[in-house]
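K.L.:
A single structure is presented below for examination.
A short reminder: the numbers here are calculations on the coordinates, not readings from a lab. A quick note: this is a predicted structure, and the numbers were derived from the prediction, not measured. So basically every Cβ, Gly included, is an ideal-geometry build from the backbone, and we count neighbours across all protein chains shown.
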């Protein structure tokens, strides 16, 4: 049998896509998978998932991309299916809504008005019927607001006040807003990125490292410099505050400076830098004295090697312990130009002797300190404004759907010759009916004061 509303006939695909059951099913699946995406940390390294979830779960996380749930192929497919279902449901209902919107509700009969949910009828007796009828019409104009009038075939005249007819489009505003939010989220995920930056004071970078792949560098398009990093601690050792003084350098010019803290980021050219973490970086100072009396102080930061070319020695920091029996300790790697290497533990204030290159050297750990790197979370989401637009539309759509009523109020007046004048007051509202009933009673009571009777 052909579908009267849409003309789609018995097309099973159309019926499936326009199914409310499908919409509910997709919503439940999206909700459940969103919970999974919340439980499983997002954007960590593969090694993190292997260490924390084991080989079996790791395979599932990698296959289904549960490390980046909201950008995975299956999650985007679910969003696409829900969007298609929403579009088809909208198209399915559109002809009925157009029919309601185009209907002229002033074209009514007395019998129709008498069947309205709110209705009251008066019969005005001669000889004052005409005068009272005119007063009733005036009162209705004052109370009901802007009205239209029409002469009916039965000799009567109908006056109608109508408001909120456009509220029928609120549902479509909701549907469109949801689609806009989905489009903004997908656009943001495709055109944007999430990354991390670790900087020491004075360091500058032109890229971030992708959150999901530490080997992937994401160009910023400008330089970011950390001028200063401050971290304060509670007595318990827990961090109380960390703040970064950042500078943006674009085309060789310093264009922006800002101190950022947690929940107070810096944004430039659509890229936002959030204060998210810090990392302790040890730095040791060695005093090296050779057997001939030569002496050299070497500052060795973590992750770097420092050379003493004249002696043919290269040194690096292998491990650092900030407190061993009250003093810091460091394991130092020492390499010679001939390829020979050795390692030794040093405590601050203590020294050890090594033989290298035919000479004897005394190596002393003179000082040890911890420097801090600022940890920044970097995010670019060009779709955020599209999402905000959709959210604004969603609020407006909800207001239209739940609070804006299509209200119709009629006053019907028909002269009846010897029988006097028949007056009917009727009203209909599709929502907020209690409020509308109060307004109807207010007008009815005002008309009662003129008629002096009601039945």
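K.L.:
Mind checking the full-extension length gain between residue 305 and residue 15? Use 0.36 nm per residue of separation minus the Cα-Cα distance, one decimal, nm.
P.N.:
Gain in length upon complete extension: 97.5 nm.
K.L.:
If the label point is 7 Å along Cα→Cβ of residue 445, which residues in the range 383-427 have backbone nitrogen under 19 Å from it?
P.N.:
The answer is 425-427.
K.L.:
So how tilted is helix 73-102 from the main axis of the chain? Cα-based, degrees 0 to 90, rounded to 10.
P.N.:
20
K.L.:
Sticking with this structure for a sec: When the Kirkwood radius is taken over all Cα pairs of the range 12-100, what Stokes-Einstein diffusion coefficient follows at 20 °C and 1.002 mPa s, in µm²/s?
P.N.:
Estimated via Stokes-Einstein, D reaches 142 µm²/s.
K.L.:
Still on this structure, I have one more. Expressed as a rounded percentage, what relative contact order does the chain have, with Cα pairs under 8 Å and six or more residues apart?
P.N.:
21
K.L.:
So if R0 is 22 Å, what FRET efficiency would residue 391 and residue 264 give, r being the distance between their Cβ atoms, rounded to the nearest 0.05?
P.N.:
0.45
K.L.:
Still on this structure: Can you give me the C-alpha center-to-center distance between the range 244-258 and the range 382-455, rounded to a whole angstrom?
P.N.:
One Cα centre to the other: 59 Å.
K.L.:
Any chance you could check the Cα centroid distance between the range 193-230 and the range 117-169 for me, in angstrom?
P.N.:
72
K.L.:
Determine one quarter of the surface area of the Cα convex hull of the range 248-355, which equals its mean projected area, and express it in nm² to one decimal.
P.N.:
For the Cα atoms of the range 248-355, the hull's average projected area reads 11.4 nm².
K.L.:
Pulled fully out, how much extra length does the chain show between residue 172 and residue 39, if you take 0.36 nm times their separation in residues and subtract their Cα-Cα distance?
P.N.:
Extending this stretch completely gives an extra 44.5 nm.
K.L.:
Another question, if that's okay. Roughly speaking, what is the stretch gain from residue 190 to residue 153, that is 0.36 nm per residue apart minus the C-alpha to C-alpha distance, in nm to one decimal?
P.N.:
Between residue 190 and residue 153, full extension yields an extra 7.0 nm.
K.L.:
Which angle from 0 to 90°, rounded to the nearest 10, does the C-alpha axis of helix 46-64 make with the longest principal axis of the chain?
P.N.:
Helix 46-64 sits roughly 40 degrees off the main axis of the chain.
K.L.:
Would the range 193-232 count as rounded, prolate or oblate if I go by the C-alpha gyration tensor, calling it rounded below 1.5 in a/c and otherwise prolate when a/b exceeds b/c, oblate otherwise?
P.N.:
The shape class here is oblate.
K.L.:
Still on this structure, I have one more. I'd like the orientation of helix 20-39 relative to the chain: the angle between its Cα long axis and the longest Cα principal axis, in ° from 0 to 90, rounded to 10.
P.N.:
That works out to roughly 20 degrees.
K.L.:
Something else about it: I need the per residue convex hull volume for the chain, using only the alpha carbons, in cubic angstrom as a whole number.
P.N.:
Per residue, the Cα convex hull of the chain comes to 257 Å³.
K.L.:
When the helices in the chain are scored as -39500 (n - 2.57) per DSSP H run of 4 or longer and the sum is shared across all residues, what 222 nm value do you end up with, to the nearest 500 deg cm²/dmol?
P.N.:
-11500 deg cm²/dmol, from helical runs alone.
K.L.:
Rounded to the nearest 0.05, what FRET efficiency do residue 74 and residue 319 have when you use their Cβ-Cβ distance and R0 = 35 Å?
P.N.:
E(calc), rounded to 0.05, equals 0.20.
K.L.:
For a footprinting-style exposure proxy, rank 253, 407, 141 by other Cβ within 10 Å, fewest first.
P.N.:
With the fewest neighbours first, 253, 407, 141 line up as 253, 141, 407.
K.L.:
Still on this structure, I have one more. How big is the gap, in Å, between the Cα center of the range 325-345 and the Cα center of the range 36-75?
P.N.:
39
K.L.:
If you don't mind, there's one more thing I want to ask. For an R0 of 25 angstrom, estimate the FRET efficiency from the Cβ-Cβ distance between residue 354 and residue 327 and round to the nearest 0.05.
P.N.:
According to the calculation, E is roughly 0.75.
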